[in-house]
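Student: Dumping the structure here so I can ask a few things about it.
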Amino acid sequence: MIHNKKNKNFVYLISPSKIENHKFYNNLSLVLKSGKVCFFQLRLKNETNQNKLIIGKKIKFICKKYKVKFIVNDEPLLAKKLNADGCHLGQEDTSIITAKKIIKKKIVGITCHNKRNLAKKAEENGADYLAFGAFFKTETKNVKYFANIGILKWAKKNIKIPIVAIGGINDKNFKSILKNGADYIAISSYVWSNKNYSPLKAIKKLYF
């Protein structure tokens, strides 16, 4: 994984929490075809393991078609079963070292909230990227930690691996996040639950 040079594919797209019909896959294809997405994360909290595998295989096929890296949230073993490009960990999930043993040389990223010490520790333990946030209020999850531009500026100087910013990011605020040091912006509800735009129109409004 390399630092983004502010090219067009700076989006780290996260799935909706529930994927129920074929309309999602059609929209996903259109969104990935736009060329703005570098990573897609499968994040299904309340789904059976069997359904995660079925859904994951369909998404992996679409990601591969459009050369988007397919990341699985929380579960290195699921990532291994799906032969995903990597997995993303929370602070309470499996350790980076354990995840690396399971998925070998694939990508492992981790959430560091707004903590510099967690970021340094993750880098030392071999993380391939860090995620900071939430930067803004978000409908996707209850926010326990808020981050600000200061953590991005610090990371730009002190962290050598790529930085992902997450939390309430949309077409109105994403440019300030990228200008201040984030390599990628993680978005979900802005694309999948936007009341004003279709998923394709929403992603097209993100240009930098």
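Coordinate-derived values only; no laboratory data. It should be emphasised that the depicted structure is a prediction, and the values quoted were computed from it without experimental measurement. Ideal geometry is used to build each Cβ from the backbone, glycine not excepted, and the neighbour counts take in all protein chains shown.
Student: Looking at the stretch 126-144 only, could you name the residues that are in a loop (DSSP other than H, G, I, E, B) and closer than 17 Å to I177 by Cα?
Tutor: So in the stretch 126-144, the residues in a loop (DSSP other than H, G, I, E, B) come out as 126-128, 134-144.
Scanning the stretch 126-144 gives A134, F135, F136, K137, T138.
Student: Please tell me if V143 is touching a residue at least 60 places away in the same chain (Cβ under 8 Å) and surrounded by 15 or more Cβ atoms within 10 Å (Cβ to Cβ).
Tutor: Considered against the rule, which asks whether it is touching a residue at least 60 places away in the same chain (Cβ under 8 Å) and surrounded by 15 or more Cβ atoms within 10 Å (Cβ to Cβ), V143 comes out as no.
Student: Right, next: Testing I110 on (1) on the phi > 0 side of the Ramachandran plot; (2) not in a loop (DSSP other than H, G, I, E, B), one condition comes back false. Which one is that?
Tutor: (1)
Student: Still on this model: Restricting attention to the stretch 146-172, which residues are surrounded by 14 or more Cβ atoms within 10 Å (Cβ to Cβ) and of a type outside the set (V, I, T)?
Tutor: Those that are surrounded by 14 or more Cβ atoms within 10 Å (Cβ to Cβ) and of a type outside the set (V, I, T): F146, A147, L152, W154, A155, K156, P162, A165, G167, G168, N170, D171.
Rundown of residues vs (1) within 18 Å of the chain's Cα centre (by Cα); (2) surrounded by fewer than 20 Cβ atoms within 10 Å (Cβ to Cβ); (3) farther than 27 Å from K144 by Cβ, yes/no style:
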position: K67; (1), (2), (3): yes, yes, yes
position: E75; (1), (2), (3): yes, no, no
position: G86; (1), (2), (3): yes, no, no
position: G90; (1), (2), (3): yes, yes, no
position: T94; (1), (2), (3): yes, yes, no
position: T98; (1), (2), (3): no, yes, no
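Student: Here's another thing I want to ask about it. How many residues does the stretch 154-208 contain that are free of Cβ contacts under 8 Å to residues at least 24 places away in the same chain and part of a helix (DSSP H, G or I)?
Tutor: Number satisfying all stated conditions: 4.
Student: Return the residues of the stretch 71-107 that are in a helix (DSSP H, G or I) and hydroxyl-bearing (S, T, Y); say none if nothing qualifies. Before you say what the answer is, go through the steps one by one.
Tutor: Within the stretch 71-107, the first condition is being in a helix (DSSP H, G or I), and the residues that meet it are 76-82, 96-103.
Listed by number, the list holds a single entry, T98.
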